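Notes follow once the structure below has been shown.
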Ligand code: APR
Ligand code: PHB
């Protein structure tokens, strides 16, 4: 039997960052992760950080490599049929830029920081289960190397992603769930080629496409695909050809192709479970909400949750003040819903839906034309794309 103040279920970005911040503030915690560290580190996810996320990582001592390798952008471009490139200029409208820096690198930085500080991360934990969240003495049980273990704690942080056990351990009748599926997926590849200098979304009658990057020698590209597609049906040549067909010729010609080093298909989903608290269990990150990747909000939301939750726990232990802890769910959800709406909207604006008629595509193009003409419309989009500021 072990004892800690905060037991953190899940060692993804949310769980690791929470652990790191709590530790910096003298709140001891243990992370329990079901997969191996190698597996967690090999996961490739999105790679665009809001300025608020960058500030937060820097202020927690995690900015060194990020400042060296992360690439700042004034915003993200949109292209569509017969138009000039349109920049969602977060720099111009909000004074804040966006930084291309992969979640894989962030996870590496977080593990390095936890190791340096002697943080306890138990990996390959099986059958992780939270108990007694509505009492003053919650605990978490799991099996490690064939032995049953138990961690007694004051609080449990459910940072175990969409498929985790934390949300599922909350009685369904105490939760509101909002969910939307989309009738397509994203086919992604990583290639060791020089990326385009900009991050560019394309709306095209063949479907959505995205050009992104990880560093000077690593590119990330996506195309909208059928939900039933299999990566085996998408050899590299076919991928590159389809990708280029969805961008205007000058951009397509500038795309450097090469062998893929990773290829995957992911479905798109919007999901929110609220409230994000049940007794002494708090949900953070993908455990409570999912956004479709259009907008790259998933990781940034996980970080804003951690910002609010860590503040609540630090105020509780340091100042005996529960205002922030009690306000956590409402405060986090305000930001989450803004990003949910933005991600849903950008997904609808930029993709081709199977039952689209000519009217749908024409109104989409009208909205894009409006955005390119109206400073007011663009300022509103840029403000949300940059991510709303954290609340005091
Ligand atoms: N017990 C312990 N750990 C678990 C369990 C469980 N029952 N179930 C899942 N986990 C672990 C997963 O193996 C994973 O390492 O929890 C971690 C959750 O990490 P993420 O899924 O990356 O979620 P989160 O930390 O909230 O980060 C959100 O990830 O999905 C992307 O776009 C999303 O970028 C965003 C970020
Ligand atoms: C990425 O680089 O992986 C990326 C960028 C922008 C998005 C989604 C993903 O909207």
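Any residue that is over 23 Å from the mean Cα position of the chain (by Cα), surrounded by 13 or more Cβ atoms within 10 Å (Cβ to Cβ), in contact (Cβ under 8 Å) with a residue 24 or more places away in the chain and more than 24 Å from residue 296 (Cβ to Cβ) - is there at least one of those in the stretch 309-330?
The answer is yes; a qualifying residue exists.
Check whether at least one residue in the stretch 314-333 is closer than 30 Å to residue 226 by Cβ and assigned to a helix (DSSP H, G or I), and report yes or no. Lay out the reasoning, then the answer.
Our first condition is that a residue be closer than 30 Å to residue 226 by Cβ; within the stretch 314-333, this holds for none.
Checked against the condition, which is being closer than 30 Å to residue 226 by Cβ and assigned to a helix (DSSP H, G or I), the stretch 314-333 yields no hits at all.
Anything in the stretch 355-392 that is in contact with a helix residue (DSSP H, G or I) (Cβ under 7 Å, 6 or more places away or on another chain), outside any loop (DSSP other than H, G, I, E, B) and closer than 30 Å to residue 324 by Cβ? List them, or say none.
382, 383, 384, 385, 386
Can you tell me how many residues in the stretch 68-99 are within 16 Å of ligand 1 (Cβ to nearest atom) and not in a loop (DSSP other than H, G, I, E, B)?
Qualifying residue count for the region: 2.
Each row is one residue, and each column tells you yes or no for (1) away from ligand 2 (no atom under 16 Å from the Cβ); (2) over 16 Å from the mean Cα position of the chain (by Cα); (3) surrounded by fewer than 22 Cβ atoms within 10 Å (Cβ to Cβ); (4) more than 25 Å from residue 350 (Cα to Cα).
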site: 281; (1), (2), (3), (4): yes, yes, no, yes
site: 291; (1), (2), (3), (4): no, no, no, no
site: 304; (1), (2), (3), (4): yes, no, no, yes
site: 332; (1), (2), (3), (4): yes, no, no, yes
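Do we have any residue at all in the stretch 44-66 that's within 16 Å of ligand 1 (Cβ to nearest atom), assigned to a helix (DSSP H, G or I) and either touching a strand residue (DSSP E or B) at 6+ places or on another chain (Cβ under 6 Å) or farther than 26 Å from residue 221 by Cα (or both)?
Yes - at least one qualifying residue is present in the stretch 44-66.
Based on what the data block shows, is residue 134 surrounded by fewer than 20 Cβ atoms within 10 Å (Cβ to Cβ), more than 30 Å from residue 65 (Cβ to Cβ) and within 16 Å of ligand 1 (Cβ to nearest atom)? Talk me through it step by step, then tell me what you get.
Details: surrounded by fewer than 20 Cβ atoms within 10 Å (Cβ to Cβ): yes; more than 30 Å from residue 65 (Cβ to Cβ): yes; within 16 Å of ligand 1 (Cβ to nearest atom): no.
No.
I need the full set of residues from the stretch 8-40 which are more than 12 Å from ligand 1 (Cβ to nearest atom) and part of a loop (DSSP other than H, G, I, E, B), in order please.
Residues satisfying the conditions are 25, 26, 27, 28.
Look at the stretch 173-193 and say how many of its residues are closer than 18 Å to residue 244 by Cβ and either within 16 Å of ligand 1 (Cβ to nearest atom) or part of a strand (DSSP E or B) (or both).
Number of matching residues: 6.
Considering 210, 268, 196, which residue is within 14 Å of ligand 2 (Cβ to nearest atom), within 30 Å of residue 337 (Cα to Cα) and either in a loop (DSSP other than H, G, I, E, B) or in contact with a helix residue (DSSP H, G or I) (Cβ under 7 Å, 6 or more places away or on another chain) (or both)?
Only one candidate passes the filter, namely 268.
Which ones in the stretch 93-103 are modelled with pLDDT of 95 or more and either within 14 Å of ligand 2 (Cβ to nearest atom) or over 30 Å from residue 205 (Cβ atoms) (or both)? Let's see the steps before the verdict.
Step one: filter the stretch 93-103 for residues modelled with pLDDT of 95 or more, giving 93-101.
Within the stretch 93-103, 94, 95, 96, 97, 98, 99, 100, 101 meet the criteria.
The values are calculated or read from the model by the stated rules, or taken from the named source; none is laboratory data. Values in this document were obtained by computation on a predicted structure and should not be read as measured data. Because the Cβ atoms are built from the backbone with ideal geometry, glycine has one as well, and the counts that use them run over all protein chains shown.
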